[in-house]
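What follows is a set of notes on a single structure, which appears directly below.
The values are calculated or read from the model by the stated rules, or taken from the named source; none is laboratory data. The model shown is predicted, which means the values in this text are computed figures rather than measured ones. Neighbour counts are summed over all protein chains in view; Cβ atoms, including those assigned to glycine, are modelled from backbone coordinates with ideal geometry.
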Amino acid sequence: MFIKTRRAVMQRLLPPAFDMPAKLETLADKGNESDSLSADQQAAIWKAMKRLYRRGLNPGVGLAIRYQGKLAFDRTLGYGNLAQQRVMKVDDPTCLFSASKAITAMLVHHLIETGELSVTDRVTKFIPEYAQHGKSKTTILDLLSHRAGIARLPDANPDILYDTHAAVERLIAARPNTPVGKRQAYHAITGGFILGEIIERVTQQPLNALLDEVIRQPLGMTYFHYGIAPELQNRVPLHYVAGPKPALLDTYLTHAVGGDLDMIVDVSNDPRFMQAVIPAGNLYATAEETTRFYQMLLDGGVWQGKRVFSEATIRRAIHSVSAPVVIDGSLLAPVRFSEGFMLGGQVFSPFGPRTKGCFGHLGFVTIVTYADPARDMSVALVTTGKGVIGTQITDVFNLLGVIKKQVA
């Protein structure tokens with residue numbers, strides 16, 4: 001009773017930011033789901049997804065689940081573009097924001113597997129000029145585990161995001177925010193630029209070319225690309241500010257990721273952002289494609305009989321490099337990392353309580369992508385409402401809880 005009352009109060013305090021029909025099925029789309037989950041299990045998850053949507057903070061929501069290797073759930077609900085009243089489709093490519101980091105990390109691990117890199121290599125082995133201002137001891141592991149001391153871009157102008165070369169040059173010349181290798185402080189955008197530069201200098205090819213060769217083609221992806229072609233941009237669901245926006249929220253976001261909420265949302269909808277290559281922040285994929293990636297990792301690096309990564313590579317990539325509990329210096333919350341992934345936990349976890357053993361990554365707070373080895377399940381939840389105040393996070397965790405309960 002208390003929970004229902006609290007929800008009713010929050011609904012009055014946070015009315016829907018957009019109009020929605022009484023029958024949400026008019027805004028729904030469905031992919032090619034298998035029968036690996038029963039009709040009752042699918043119905044329970046769909047009910048929870050609709051409850052999340054009815055809160056009115058997310059104009060568009062997409063959810064894909066793979067269970068025991070099969071696509072068990074693949075649906076979208078809402079609008080990809082509010083102004084045009086365009087319904088979001090399951091095959092619309094969505095920006096994964098920081099969930100892109102996991103894919104970039106696996107490209108690094110591919111080069112480690114082939115012997116072209118080592119996590120102990122210093123950045124200066126590949127980018128000699130990076131040694132400026134005491135950064136000479138920075139290793140690839142420091143970048144993957146958010147200990148490289150470059151939590152934020154030195155230039156607050158968002159235009160720098162549209163020019164990868166300029167961003168790299170600024171980071172080469174930057175002074176570290178914290179001592180290199182000493183303190184975990186989430187690198188929202190920065191570490192990816194340096195990792196991408198290392199990958200391109202080692203392989204002598206664009207980052208997207210390696211992605212295409214190592215992951216995109218072997219897994220048969222349609223999208224799964226840093227940035228997206230101009231002719232496909234009209235299919236990308238746009239993002240919107242959701243819920244209240246107190247000054248404290250903008251202060252926190254500026255500290256954590258280098259910009260306030262309005263700026264981040266505006267940047268994400270800018271065609272220049274969609275065309276840029278941002279290794280830590282703008283891989284475009286469907287929710288289904290994202291679960292394909294995590295299913296391949298769950299299956300020991302194999303997809304439909306093709307070897308993509310060795311089992312040893314995956315074990316190394318998801319092995320914890322954080323203390324059991326560590327308060328991240330940027331996020332100001334307990335977050336554990338491996339060499340490129342966020343890790344679940346029994347109590348503190350980005351994937352909800354009792355998710356020890358899970359690995360994945362969040363994107364802009366309420367985009368959630370992860371693998372659950374205990375359940376042989378991979379999940380990708382994409383949302384277009386951006387905000388962290390009110391019910392936004394709890395609503396997402398409630399949906400994740402229903403998924404865990406149904407996929408026991």
Tally up the residues in segment 211-237 that are assigned to a loop (DSSP other than H, G, I, E, B), closer than 13 Å to Met106 by Cβ and either β-branched (Val, Ile, Thr) or touching a Leu at 6+ places or on another chain (Cβ under 8 Å) (or both), please. 1
Could you please tell me which pairs satisfy a Cβ distance under 9 Å, a separation of 6+ or placement on different chains, a first residue in segment 18-32 that is in contact (Cβ under 8 Å) with a residue 60 or more places away in the chain and in a loop (DSSP other than H, G, I, E, B), and a second residue that is surrounded by 15 or more Cβ atoms within 10 Å (Cβ to Cβ) and of a type in the set (Val, Ile, Thr)? Gly31/Thr76; Gly31/Val90; Gly31/Thr286
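For residues in segment 154-201 being of a type in the set (Phe, Trp, Tyr) and outside any loop (DSSP other than H, G, I, E, B), which is surrounded by the fewest Cβ atoms within 10 Å (Cβ to Cβ)? Explain how you work it out, then say what you get.
Initial filter on segment 154-201 (of a type in the set (Phe, Trp, Tyr)): 162, 186, 193.
Narrowing the set further to residues that are outside any loop (DSSP other than H, G, I, E, B) leaves 162, 193.
Numbers: Tyr162: 18, Phe193: 29.
The residue in question is Tyr162.
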Yes/no for Arg86 being of a type outside the set (S, T, N, Q), in contact with a strand residue (DSSP E or B) (Cβ under 8 Å, 6 or more places away or on another chain) and surrounded by fewer than 23 Cβ atoms within 10 Å (Cβ to Cβ): yes
Here's a check for you: in segment 233-264, which residue that is out of contact with any strand residue (DSSP E or B) (no Cβ under 7 Å at 6 or more places or on another chain) and of a type in the set (Asp, Glu) is modelled with the highest pLDDT? Asp260
Of the residues in segment 341-354, those that are more than 18 Å from Ser145 (Cα to Cα) and either aliphatic (A, V, I, L, M) or surrounded by 23 or more Cβ atoms within 10 Å (Cβ to Cβ) (or both) come to Val347, Phe351
When restricted to Ala48, Ala39, Ala22, the only residue farther than 30 Å from Asn208 by Cα, touching a Leu at 6+ places or on another chain (Cβ under 7 Å) and either surrounded by fewer than 24 Cβ atoms within 10 Å (Cβ to Cβ) or outside the structural domain of Asn234 (by TED's automatic domain parsing) (or both) is Ala48
Cβ-Cβ below 8 Å, separation at least six or inter-chain, first residue in segment 100-114 and at pLDDT 95 or above, second basic (Lys, Arg) and surrounded by fewer than 24 Cβ atoms within 10 Å (Cβ to Cβ): which pairs? His109/Arg316; Ile112/Arg316
Restricting attention to segment 202-219, which residues are free of Cβ contacts under 8 Å to residues at least 40 places away in the same chain and surrounded by fewer than 19 Cβ atoms within 10 Å (Cβ to Cβ)? Gln204, Gln205, Ala209, Asp212, Glu213, Gln217
